[in-house]
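Below is one structure, written out as structure tokens, with a few remarks after it.
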Amino acid sequence: MRKTVIAGNWKMNMTPAQTKDFITELAPMVAGMDKCDIVLCVPYVDIATAVEAAKGTNIKIGAENVHFAESGAYTGEISAKMLLEIGTEYVIIGHSERRQYFGETDETVNLRTKAALAAGLKVILCLGEVKDERLNGITNEVVRMQTKLDLLGISAVEMKNVIIAYEPVWAIGTGLTATPEQADETCGVIRAALAEIYGDEVAESTTIQYGGSMNDGNAKELLAKV
């Protein structure tokens, strides 16, 4: 049975001190909740503080990106091994803001995913269409192709450590949200693409979550669908 994952992407917010205070306040609120995994994906500078603050709780800590090389002349980048050594468990790859503002492509998403999985990280793989693609009725084609390209060369065994996050670009940070029906339909397209690649067992066991201006007012309805 697929487990629900509630993951918060902090983006470029929170200092280490604020991180410690936030997790200290959050931990008792979510204590004992075992029907879902709770993940905080935080800026690089906050990870060590977050890992320490989350010790003994059911909160998992993730990073917001990772480089595909183990080491080298990549100024400003962070490798999977670096993340692991400071206690990171999850990593977001392919977020729409990385694709939109920093030139991320399906090829680099695939390379990052391979590197993260090889190192032992759990991947939250993001994909989704832009507004024009939705309006022109090609959402299904776009997300099906993204799924296949982003997972190229990833084995069925490795898929046990992959969560797919359907995040329509037009809904990220805009206040717009896909309807539960839209989210359900598109997640179904992604699951069908997984079945084409890996077969029904992997497709049915892979968690596909929705992210795109989800909040306390719409989360219950969206989660009931996907």
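By accessible area of protein heavy atoms, probe 1.4 Å, what ranking do Asp106, Asp150 get, highest first?
Ranking Asp106, Asp150 by accessible area, largest first, yields Asp106, Asp150.
May I ask for the longest run of the chain untouched by GluC sites (Glu not before Pro) that are loop-located per DSSP and have at most 15 neighbouring C-beta atoms (other than their own) within 10 Å?
Details: sites that count: Glu70, Glu77.
So the longest stretch without any such site is 78-226.
Full-extension gain between Glu70 and Lys11, please, as 0.36 nm times their residue separation minus the C-alpha to C-alpha distance.
So the chain would gain 18.9 nm between Glu70 and Lys11.
Using only the Cα atoms of segment 122-221, build the gyration tensor, take square roots of its eigenvalues as a ≥ b ≥ c, and label the shape rounded, prolate or oblate: rounded if a/c is under 1.5, else prolate if a/b is larger than b/c, else oblate.
Prolate.
Please work out the average accessible area per residue across segment 75-226, using the 1.4 Å probe convention, and give it in Å².
Using a 1.4 Å probe on heavy atoms only, each residue of segment 75-226 averages 48 Å².
When Lys and Arg each count +1 and Asp and Glu each count -1, what net charge do the other residues less than 15 Å away from Gly72, Cβ to Cβ, add up to?
Around Gly72, the charge tally is 0.
Would you please give the residues with an amide H less than 5 Å from that of Ile78, counting only those at least 5 places away or on a separate chain, with H modeled from the backbone geometry?
So Ile78 has HN proximity to His67.
Specify the inter-centroid distance of segment 113-153 and segment 24-43, based on alpha-carbon positions, in whole Å.
So the separation of the two Cα centres works out to 26 Å.
Could you tell me the number of lysine pairs in segment 39-192 with C-alpha atoms less than 27 Å from each other, where the two lysines are 8 or more residues apart or belong to different chains?
For segment 39-192, the number of qualifying lysine pairs is 18.
Could you give the spread of the C-alpha atoms of segment 15-146 along their three principal axes, from largest to smallest, in whole angstroms?
Cα spread of segment 15-146 along its principal axes, largest to smallest: 46, 37, 26 Å.
Could you go through segment 180-196 in sequence order and give the Karplus-derived ³J(HN,Hα) for each residue, using 6.51 cos²θ - 1.76 cosθ + 1.60 with θ = phi - 60°, rounded to whole Hz, and x for Gly and Pro?
Calculated HN-Hα couplings, in order: x, 5, 5, 4, 5, 5, 6, 4, x, 5, 5, 5, 5, 5, 4, 5, 5 Hz.
Please report the accessible area of Val157 (heavy atoms, 1.4 Å probe, ligands and nucleic acids excluded) in Å², nearest 10.
It works out to around 100 Å².
Can you list residues whose amide H is under 5 Å from Lys122's amide H, if they're 5+ apart or on another chain and H is modeled 1.01 Å from N?
Here Tyr90, Val91 satisfy the definition.
If each DSSP helix of 4+ residues adds -39,500 (n - 2.57) and the sum is divided by the residues in the chain, what number results at 222 nm, nearest 500 deg cm²/dmol?
Taken over the chain, the calculation gives -12500 deg cm²/dmol.
Could you report the accessible area of Met159 in Å², rounded to 10, computed with a 1.4 Å probe on the protein chains as they sit in the structure?
Here the residue's solvent-accessible area equals roughly 10 Å².
For the chain, with all protein chains present and a 1.4 Å probe, just round the carbon and sulfur fraction of the accessible area to a whole percent.
Values: 6320 of 11600 Å².
That share works out to 54 percent.
Between Ala7 and residues 5 or more places away or on another chain, which pairs have amide H atoms under 5 Å apart, with H built 1.01 Å from N, and which residues are they?
Residues meeting the criterion, in which the H sits 1.01 Å from N, are Val39.
In units of 2.2 N^0.38 Å, what is the alpha-carbon radius of gyration of the chain?
Dividing the Cα radius of gyration by 2.2 N^0.38 Å gives 0.98.
The values are calculated or read from the model by the stated rules, or taken from the named source; none is laboratory data. These figures come from a predicted structure and were not determined experimentally. Every residue, glycine among them, receives a Cβ derived from its backbone with ideal geometry; neighbour counts consider all protein chains shown. When the accessible area is computed, the model is the full protein with side chains, heavy atoms only, and any ligands, DNA or RNA have been set aside. Shrake-Rupley method; radii C 1.70, N 1.55, O 1.52, S 1.80 Å.
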